Amino acid sequence: MTDTVERRLHAGPCAGADAWTGFLAAPAHGSPVGVLVLAGSSGRIEDERCRLLAREGMSALSIRWFGGPDQPPGICEVPLETFVSALERLRGDGARRLGVLGSSKGAEAALHLSVVQPGIDAVVALSPTSLTWANVGPGRDGLTLPHRSSWTWEGQPLPFVPYDGSWTPSEPVGAPVSVLGWYEQSLRTFAGLVPAAAVQVERSAAELVLVAGGDDRMWPSLPYAEELAARRRAAGLPVRLVTRADAGHRPRLPGESPAPASGTFLYGGSPAADAALGAAAWPHVLNALLGAGTAASAGQDSSK
């Protein structure tokens, strides 16, 4: 097992990027591979996932990208330059190959980042979306409405799909809620805005691994992932799609703790199915991030 070192980091605002705080885990002898690890709408810093990657020989940095000092309180017009700043920190520490591993909203950011920012070699998108959604939570003005884009680039908001405010959950009041139907209804309501909001993965030069469960109760990540994979293949670009029909929104990689129970949301899947999806994806995740899988990355590996 690789000996690792850990550091807490802080970066001030610069060149359009927000300030951020983060956690870095890296091999004690350094690494030519740097990975930016992005959580979803929990906003947490992924210490455990960084340690897992560091033990495999990578320098892994996870940052808080909203909800912190000098940041928007919600996922609302977050500058993609913030992630560029974190990648430059990894490059400054000696990384020559750069990857981004994102989950859910973090996967949305990772995919966009690989389109607008040259020099990203690999993206691993867990439970991804194929388009940009509206903000989750308030912007810098403290307001959640009117809807705004989740992301900006060079000061301009990316085109997005709003949420249909008429949707109501089917679960009893006080019970955990599945918001899958909200996303599906919003897609129908605002179908005319979907093409402009699509993440243009056919413009990304990164090696791409997509991981999605068919029982995702947060949003339809498997149809999203299948759409992303189809557009990559149509453009003649490499992609790896790893799926499992009974897994939910939170796949777990080998060595990670089970996802915590939630009294707020229904995520779908089960601890066993989510771990099995992560285990099936793990070889492809390592190959992409370490740079060992380019020649074999054009297919699909589905684990039922």
Region 94-222: radius of gyration and largest Cα-Cα distance (Dmax), Å = 15.7, 52
In Å², rounded to a whole number, the accessible area per residue of region 135-264 with probe 1.4 Å is 47 Å²
Considering only DSSP beta bridges where both residues belong to the chain, give the percentage that are antiparallel (nearest 5).
-> 35 percent
Heavy-atom accessible area of Ser104, protein chains in place, probe 1.4 angstrom, given in Å² to nearest 10, is 20 Å²
Sequence of Asp70, Asp18 when ordered by accessible area, the most exposed leading, probe 1.4 angstrom = Asp70, Asp18
Provide the solvent-accessible area of Asp141, counting protein heavy atoms only and rolling a 1.4 Å probe, rounded to the nearest 10 Å².
-> 90 Å²
Ignoring ligands, DNA and RNA, what accessible area per residue does region 1-91 give at 1.4 Å, in Å²?
-> 37 Å²
Name the shape class, rounded, prolate or oblate, that the alpha-carbon gyration tensor gives for the chain, where a ≥ b ≥ c are the square roots of its eigenvalues, rounded holds for a/c under 1.5, and otherwise prolate holds if a/b is larger than b/c and oblate otherwise.
-> rounded
Where the accessible area of the chain is counted over protein heavy atoms with a 1.4 Å probe, how much of it, in %, is carbon and sulfur?
-> 56 percent
Surface accessible to a 1.4 Å probe, Val116 within the full protein complex, Å² = 40 Å²
Convex hull (Cα only) mean projected area of region 187-237, reported in nm² to one decimal = 4.2 nm²
Region 1-124 - Rg and Dmax from Cα coordinates, angstrom = 13.1, 40
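The values are calculated or read from the model by the stated rules, or taken from the named source; none is laboratory data. Treat the numbers as computed from the prediction; the structure is a model and nothing was measured. Accessible surface areas use protein heavy atoms only, side chains included; no ligands, DNA or RNA. Shrake-Rupley method; radii C 1.70, N 1.55, O 1.52, S 1.80 Å.
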